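Let me begin by presenting the structure, written as structure tokens, before commenting on it.
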Ligand SMILES: [Zn+2]
Ligand SMILES: [Zn+2]
Ligand SMILES: [Zn+2]
Ligand SMILES: [Zn+2]
């Protein structure tokens, strides 16, 4: 009988400790202990791809954010300044009964 995945060894060369709840780095996809899962702690070579990865969807805005801030109504991603439906002229807002014709 096998015990699948009874912990993993931290991928940090100087550490290698067995951790039962390893944290997978979402940038380099390696497993790390709680001390080394941050990008800085294992000097993640792919971290730069993950930082400022969420671009604002508003036309003309080039801002990027580290956090995803999706509009609750149109589900597009925006920067802090444009995350509010009014600030990106959200098209999917539920309008109060405006009927043409
Ligand atoms: Zn470690
Ligand atoms: Zn990493
Ligand atoms: Zn923006
Ligand atoms: Zn929106």
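The values are calculated or read from the model by the stated rules, or taken from the named source; none is laboratory data. Computed from a predicted model, the values in this text were never measured in an experiment. Counting neighbours? That spans all protein chains shown, and the Cβs are built from the backbone with ideal geometry, glycine included.
Residue-level check: of (1) assigned to a loop (DSSP other than H, G, I, E, B); (2) within 16 Å of ligand 4 (Cβ to nearest atom); (3) modelled with pLDDT of 90 or more, residue 93 misses just (3). Residues that are touching a strand residue (DSSP E or B) at 6+ places or on another chain (Cβ under 6 Å) and at pLDDT below 90 within segment 41-72 comprise 52, 54, 64, 65, 68, listed in sequence order. For segment 68-82, the set of residues classified as closer than 16 Å to residue 51 by Cβ, more than 8 Å from ligand 3 (Cβ to nearest atom) and either surrounded by 15 or more Cβ atoms within 10 Å (Cβ to Cβ) or in contact (Cβ under 8 Å) with a residue 40 or more places away in the chain (or both) consists of 69, 77, listed by residue number.
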